[in-house]
Each structure stands twice: as structure tokens, then as C-alpha cells.
1. Collect the residues in region 39-59 that are within 9 Å of residue 9 (Cβ to Cβ) and modelled with pLDDT under 90, keeping them in residue-number order.
2. Go through 127, 119 for me and flag whichever is closer than 13 Å to residue 10 by Cβ, open to solvent by less than 80 Å² (accessible area, probe 1.4 Å), in a helix (DSSP H, G or I) and touching a residue at least 12 places away in the same chain (Cβ under 8 Å).
3. Step by step: first the residues of region 50-89, then only those that are among the polar types (S, T, N, Q) and assigned to a helix (DSSP H, G or I), then the one that is farthest from the chain's Cα centre (by Cα). Which residue is that?
4. So in region 69-90, with the set limited to residues that are in contact (Cβ under 8 Å) with a residue 40 or more places away in the chain and charged (D, E, K, R), which one is least open to solvent (accessible area, probe 1.4 Å)?
5. Give the residue that is most open to solvent (accessible area, probe 1.4 Å), with candidates limited to residues of region 23-49 that are touching a residue at least 24 places away in the same chain (Cβ under 8 Å) and outside any loop (DSSP other than H, G, I, E, B).
6. Scan region 91-109 for residues that are open to solvent by less than 10 Å² (accessible area, probe 1.4 Å) and either more than 10 Å from the chain's Cα centre (by Cα) or of a type outside the set (A, V, I, L, M, F, W, C) (or both) and report the count.
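The values are calculated or read from the model by the stated rules, or taken from the named source; none is laboratory data. Nothing here was measured: the structure is a model prediction, and the numbers come from that model. Backbone-built Cβ (ideal geometry, glycine too); neighbour counts: all protein chains shown. We work out accessible area using only protein heavy atoms, side chains counted, and drop any ligands, DNA or RNA first. Shrake-Rupley method; radii C 1.70, N 1.55, O 1.52, S 1.80 Å.
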Amino acid sequence: MNNDNIANGRVVSYTILLNVFYNEMLLNDAFLTYFLKYDLKDEDKSFIEYECKGTIEYIKKIDDIIDKFSSVKKVKLDKEVLTALRLGIFELMYMDRVPSFATINEYVEIIKNKKNKKLSGFVNAILRNVIRNSDIRKND
């Protein structure tokens with residue numbers, strides 16, 4: 001999977017989880033909807049499925065990390081920012097083959113494009129703090 005496909009996969013993962021978390025869409029329905037909407041290779045679909053399912057599976061731990069590193073508690077975060085942070089933290093913690101800098105850059109860009117530069121800086125700061133804190137990284 002090349003980096004462009006991963007980047008596009010992240011946008012699809014982000015869109016899927018926004019719909020699952022905030023529009024009460026079932027995960028499998030979201031996969032069907034967005035896999036039909038976008039021209040994705042099988043390996044891209046696998047990346048998206050792994051990332052979305054993993055984020056949901058580890059959401060309690062991920063949300064605890066967000067609360068630990070954010071001055072704004074998760075219940076008060078913008079839904080797009082919270083979704084990007086959840087996905088980014090999942091990648092940083094559980095997807096060893098994805099470079100940390102790529103994860104951070106892509107989720108910062110997603111928020112920059114969807115929301116605004118100020119919020120993208122917030123996402124950048126939280127994700128960078130997560131990678132600096134070695135006691136929470138990678139399957140602890």
C-alpha cells in the first residue's frame with residue numbers, strides 16, 4: 001500500500017467513524033457504504049477495517065489517553081477533532097508499521113481541511129505528546 005492510499009484510507013476511516021459515533025450508523029453498513037463510494041483496493045479496505053475496528057475495540061484506553069494529554073476533556077471536544085485523535089492514537093499505539101510522523105501529519109491535515117488551523121495545531125500537540133510518552137505506546 002503506498003502512502004497516498006494510506007492517506008486516502010485515513011480519510012475514509014475518519015468518515016466511517018464519524019458516521020458510526022455520531023450518526024448511529026452500524027460499522028458494517030458504513031464499510032459497505034464507503035467502500036462502494038470510493039474506489040479502494042483490497043489492501044486499502046483491510047487497512048480501513050483494521051483501523052476502525054481497532055479504534056472501537058480500544059476506545060476506552062484511547063479516550064483515557066486523550067483525557068490524560070488534553071487540557072480539554074473528551075466530552076467537550078469537537079466531534080471531528082475527537083475522531084481524528086482516536087484514530088491517530090490507535091495508529092500510534094497499535095500499528096507498528098505506520099510511521100508516527102505520517103500518522104500525525106495526516107490527521108493534522110484532515111482537521112486543517114475539515115475544521116481550521118487552530119484545531120489542527122491542537123491535534124498535532126496531543127499526538128506528539130503521545131509519541132513522546134513511551135510508557136503508553138505500543139500495546140502496553
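1. If the condition is that a residue be within 9 Å of residue 9 (Cβ to Cβ) and modelled with pLDDT under 90, then 40 is the only one that fits.
2. 127
3. 55
4. 86
5. 43
6. Going through region 91-109 one residue at a time, the tally reaches 4.
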